[in-house]
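K.L.:
After the C-alpha cells below, expect a handful of questions from me.
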Amino acid sequence: METEFIYYRHTTPIGVRIEEITGYEQLSGPNWVAFAKQVFSENSKDGYRVIDHYDSGAPFLDGESSRISVSHTGHMLVVASLPKTPEVDLSIFNPRTALGVDVESSSREQVLKVRDRYLSDEELAIVPADDITANIIAWTAKEALYKAALIQGIDFRSRIRIKSLPVLNSNHTAGAYVIDDDGNQIEFVLYSYESEGNIITLAISLKTATFKKRK
C-alpha cells in the first residue's frame, strides 16, 4: 500500500510557523527530498514558492521577505518561517529575523557517541549521557542555533552554548546564546516538540519578529 505525501501547517507556541511534509516512504534519498520540497512549494496561500539559497547557504523564498529555515531527516521535511520583514536584509544576520530549525529521528543513538564533540563541559553536565531524547534535543538545538546565527564555521562547543534544555512537547522553552565574531553574546530561545517519530527544535533570538505577540 502506497503512502501519499502528508502536508501539515501550524504555528508553534513561540510564534514560528512550521510546515511539515512526511510520507511516501517507498521513495528514498535525494529523490524524496526533491519531491517533498515540491509539495512544500505547491502548498502556499499566495501561489507557487521556490526555495533558493544565499551565498552563506541560508535558504530564502524567491520574491518573499520572510525568513525561513529548512531541515530534513529520513521522511520528514520541516520548513520554519517568520512574518514578512521587508525592512530587513535577509542575506545577513539580524536579531529581528534570527531563526533556525533542525529535525532528527528520536531514536538516533549515534548522538550518544559524539556528544563530546559538540557539547561543552558545562553542557555535558546538564545533558544526561544515557538519555537519547535529551541528547537529540541538545544536538538539534546546536544545529538550530548555528543556522539562526548565520556565522559560518563557528565552533559548536565554545561559541554555541545551551543554558538549559526545553521540555519536549510543552510550552516550556529554554535559553541559549551564541558568541559572534566580535565577542558579543546573542541570547536565544529554544523550543522543542516531537512529530512522527522525530524531534524538531527551533531557535529564535529574543528580538525576533514572530506570529505571536510577546507578553
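Here is a yes/no grid of residues against (1) open to solvent by 60 Å² or more (accessible area, probe 1.4 Å); (2) modelled with pLDDT under 95:
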site	(1), (2)
T22	no, no
Q26	yes, yes
G29	no, yes
V70	no, no
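K.L.:
When you look at F156, is it out of contact with any Lys or Arg (no Cβ under 9 Å at 6 or more places or on another chain) and either more than 20 Å from T133 (Cβ to Cβ) or not charged (D, E, K, R) (or both), yes or no?
P.N.:
Details: out of contact with any Lys or Arg (no Cβ under 9 Å at 6 or more places or on another chain): no; either more than 20 Å from T133 (Cβ to Cβ) or not charged (D, E, K, R) (or both): yes.
No, not satisfied.
K.L.:
Keeping to region 78-103, report how many residues are in contact (Cβ under 8 Å) with a residue 60 or more places away in the chain and open to solvent by less than 20 Å² (accessible area, probe 1.4 Å).
P.N.:
13
K.L.:
To continue, here is another question. For A36, indicate whether it is among the hydrophobic types (A, V, I, L, M, F, W, C), surrounded by 15 or more Cβ atoms within 10 Å (Cβ to Cβ) and out of contact with any Asp or Glu (no Cβ under 9 Å at 6 or more places or on another chain). Full working, then the answer.
P.N.:
Numbers: among the hydrophobic types (A, V, I, L, M, F, W, C): yes; surrounded by 15 or more Cβ atoms within 10 Å (Cβ to Cβ): yes; out of contact with any Asp or Glu (no Cβ under 9 Å at 6 or more places or on another chain): yes.
So A36 fits the description; yes.
K.L.:
Another question, if that's okay. Any residue at all in region 44-60 that is under 23 Å from K212 (Cα atoms), in contact with a Pro (Cβ under 8 Å, 6 or more places away or on another chain), among the hydrophobic types (A, V, I, L, M, F, W, C) and surrounded by 16 or more Cβ atoms within 10 Å (Cβ to Cβ)? Reasoning before the result, please.
P.N.:
In the first step, residues of region 44-60 are kept if they are under 23 Å from K212 (Cα atoms); the result is 44-46, 59-60.
Among the residues that remain, those that are also in contact with a Pro (Cβ under 8 Å, 6 or more places away or on another chain) are: none.
No: region 44-60 contains no residue that is under 23 Å from K212 (Cα atoms), in contact with a Pro (Cβ under 8 Å, 6 or more places away or on another chain), among the hydrophobic types (A, V, I, L, M, F, W, C) and surrounded by 16 or more Cβ atoms within 10 Å (Cβ to Cβ).
K.L.:
Restricting the search to region 174-207, which residues are of a type outside the set (D, E, K, R) and within 25 Å of Y7 (Cβ to Cβ)?
P.N.:
Our first condition is that a residue be of a type outside the set (D, E, K, R); within region 174-207, this holds for 174-179, 183-186, 188-193, 195, 197-206.
Answer for region 174-207, where residues must be of a type outside the set (D, E, K, R) and within 25 Å of Y7 (Cβ to Cβ): Y191, S192, Y193, S195, G197, N198, I199, I200, T201, L202, A203, I204.
K.L.:
Just checking, does region 190-213 include any residue being more than 16 Å from the chain's Cα centre (by Cα) and of a type in the set (V, I, T)?
P.N.:
No; the residues of region 190-213 include none that is more than 16 Å from the chain's Cα centre (by Cα) and of a type in the set (V, I, T).
K.L.:
Looking at (1) closer than 26 Å to R108 by Cα; (2) in contact (Cβ under 8 Å) with a residue 12 or more places away in the chain; (3) out of contact with any Lys or Arg (no Cβ under 9 Å at 6 or more places or on another chain), which is the one condition that is false for E19?
P.N.:
Every listed condition holds for E19 apart from (3).
K.L.:
Determine whether R161 is among the charged types (D, E, K, R), open to solvent by 40 Å² or more (accessible area, probe 1.4 Å) and touching a strand residue (DSSP E or B) at 6+ places or on another chain (Cβ under 7 Å). Let's see the steps before the verdict.
P.N.:
Working: among the charged types (D, E, K, R): yes; open to solvent by 40 Å² or more (accessible area, probe 1.4 Å): yes; touching a strand residue (DSSP E or B) at 6+ places or on another chain (Cβ under 7 Å): yes.
When the stated conditions are applied, R161 passes them.
K.L.:
Looking at region 65-77, I want the residues that are within 16 Å of G15 (Cα to Cα) and have a partner that is charged (D, E, K, R) and open to solvent by 30 Å² or more (accessible area, probe 1.4 Å) with Cβ atoms under 9 Å, at least 6 apart or on another chain. Which pairs are those?
P.N.:
That search, which allows pairs on different chains as well, returns S66/R17; S66/K84; R67/R96; S69/K147.
The values are calculated or read from the model by the stated rules, or taken from the named source; none is laboratory data. Given the structure is predicted, the values throughout are model-derived calculations rather than measurements. Quick reminder, even Gly has a Cβ in these numbers, built from the backbone with ideal geometry, and neighbours come from all protein chains shown. These area figures cover heavy atoms from the full protein model, side chains too; ligands, DNA and RNA do not enter into them. Shrake-Rupley method; radii C 1.70, N 1.55, O 1.52, S 1.80 Å.
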